[in-house]
Structure formats: C-alpha cells, structure tokens
1. Given (1) under 18 Å from residue 197 (Cα atoms); (2) free of Cβ contacts under 8 Å to residues at least 12 places away in the same chain; (3) touching a strand residue (DSSP E or B) at 6+ places or on another chain (Cβ under 8 Å), identify the lone condition not met by residue 1.
2. Determine whether the stretch 28-42 contains at least one residue that is of a type outside the set (Val, Ile, Thr) and within 21 Å of residue 113 (Cα to Cα).
3. Could we say that residue 189 is among the small types (Gly, Ala, Ser), modelled with pLDDT under 95, under 17 Å from residue 15 (Cα atoms) and in contact with a helix residue (DSSP H, G or I) (Cβ under 8 Å, 6 or more places away or on another chain) here?
4. Within the stretch 60-96, work out how many residues are buried (at least 20 other Cβ atoms within 10 Å of the Cβ) and closer than 26 Å to residue 138 by Cβ.
5. Checking residue 199 against (1) assigned to a loop (DSSP other than H, G, I, E, B); (2) hydrophobic (A, V, I, L, M, F, W, C); (3) closer than 27 Å to residue 109 by Cα; (4) modelled with pLDDT under 95, which test does it fail?
6. When you go through 138, 102, 111 one by one, which is the residue that is under 18 Å from residue 10 (Cβ atoms) and out of contact with any His (no Cβ under 7 Å at 6 or more places or on another chain)?
7. Out of the residues in the stretch 109-155 that are β-branched (Val, Ile, Thr) and in a helix (DSSP H, G or I), state the one that is nearest to residue 18 (Cα to Cα).
8. Restricting to the stretch 147-168, name every residue that is surrounded by fewer than 20 Cβ atoms within 10 Å (Cβ to Cβ) and within 13 Å of residue 209 (Cα to Cα).
Amino acid sequence: MAKAALVTGGNRGIGRAIAAGLVAKGCGVTITARGRAEGAEAAAALGCDWAMADLLRPDTLRQFDGARFDILVNNAGILPQGSLLENPQGYFDAMAVMVDGPFRLTLALAPGMAARGFGRIVNLSSGWGAFSEGLGGPNAYGIAKAALNAQTKALARDLPDCVKINAMCPGWVRTRMGGEGARLSVEEGADTALWLAMLPENGPTGGFFRRRKEIPW
C-alpha cells in the first residue's frame, strides 16, 4: 500500500522538491500552503493534494487530528529579521512555526503511525540551530531550530521504535529564503529529507543529518 505523506510549506522551495520526490517514489502526498492560489497551483503541478494551513494559526492544524499519514515532513519555516530586542515578535513567530507547529502535528499524527506500525517524521532544521556551529542566523531563527533539534531528540525517546523521527540540515539552498547565491539546488537540499522519509526498519532515529551523514548537535 502506498505511503501517505504530509509536507508542510510544500508549495515552494525545498518543501516542493521534497513533495515532488515523494510523489516520484509513489507516495500519496498532501502539501500545506497558506494561500489558496499557491496551494492549488503547486498541487496541480506536482500531482498531489493540498490543504490550507498556517502554522501561526494553530486552529488551522486541527484538521489533521487523527488523519492517516505515514510520513510527516515538518518543512515550513520563516526567517524573522532584526535583533531579538528590536523585533521580539520574530521570536514568538519563529517558535510557533518551527517548534510548536511541528509538535502539534506530531501529536496529531504519531498515534496513528504507532497503531499501524510505521511512521517517519522529518524535521527540517539548520546548521544555524546547532550549538556546534555557533547557533547563528537572524533574530530567533537559530533558537527555534535548536529547540526543534531538542524536540527531535526527546521525541525519539518517547516514540515507539516503528516511528522514526530525525532532524536534517539541507545546507545553503537556492530558495527565496536562501537567496540566489546559495550553492545547492532545491533537489540537492531535499535529498536527505527524502532519504529520512523512506528509512527502512533498521534506519536511525533521534539523529541530526546533513548529506545523509550524522552531524553534531
């Protein structure tokens, strides 16, 4: 039976490349988007379904409570600007989108994954969220990614072995967020996420990866 996958923020950038890769692997894919036009366009181009959801609005995530998905890719992200003191709202928004949203979706989908004996959760993180790399980035971006990393490691302890959860850094990718000067294509940035989404039974869990290799937190 084909695996069902949910990819947040899958209408553009790395998320869209991940969705395309999962479709190519035979998965039934649903992407989320914040706008109707963007979601419909991307879904039509990718050959998948879509749902309107905004991780800044937790009520829009309730539609996924108890939904049947075997793969969850928490890809959606924002890059708030300015210092934490000058733009404190950036902190709250970053945590809502890149920490609280992924956790809410994990709570919604993981019980069903466990009951069916299969689940793969992939959290799109960043080297900016690694203490080993200096915890960089503007505003609260690095803080949120570090918290997402910690969430990944803690949830791996609590989830059953059949539900694998990992974080990954796509690298510097040519997206609206990464800019045109980035070294990697969206397909290259998506590769590790696709690998983690399709891990075999003996695959890793609770790790942090880049280019399919484990990296320090």
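1. Unmet condition: (3).
2. Filtering the stretch 28-42 down to residues of a type outside the set (Val, Ile, Thr) leaves 28, 33-42.
Going one step further and asking which of them are within 21 Å of residue 113 (Cα to Cα), we end up with 28.
Yes, that holds for at least one residue.
3. Working: among the small types (Gly, Ala, Ser): yes; modelled with pLDDT under 95: yes; under 17 Å from residue 15 (Cα atoms): yes; in contact with a helix residue (DSSP H, G or I) (Cβ under 8 Å, 6 or more places away or on another chain): yes.
In short, yes.
4. Of the residues in the stretch 60-96, 9 are buried (at least 20 other Cβ atoms within 10 Å of the Cβ) and closer than 26 Å to residue 138 by Cβ.
5. (4)
6. Working: 138 fails: under 18 Å from residue 10 (Cβ atoms); 111 fails: under 18 Å from residue 10 (Cβ atoms).
After ruling out the rest, the residue left standing is 102.
7. Here is the first cut: in the stretch 109-155, the residues β-branched (Val, Ile, Thr) are 121-122, 143, 152.
Okay, now just the ones that are also in a helix (DSSP H, G or I), so 143, 152.
Values: 143: 24, 152: 19 Å.
Per the stated criteria, the residue is 152.
8. Hit for the stretch 147-168 is 153, nothing else.
The values are calculated or read from the model by the stated rules, or taken from the named source; none is laboratory data. Bear in mind that the values here come from a model prediction, so they are computed numbers and not experimental data. Positions of Cβ are generated from backbone atoms using ideal geometry, with glycine treated the same way; all protein chains shown enter the neighbour counts.
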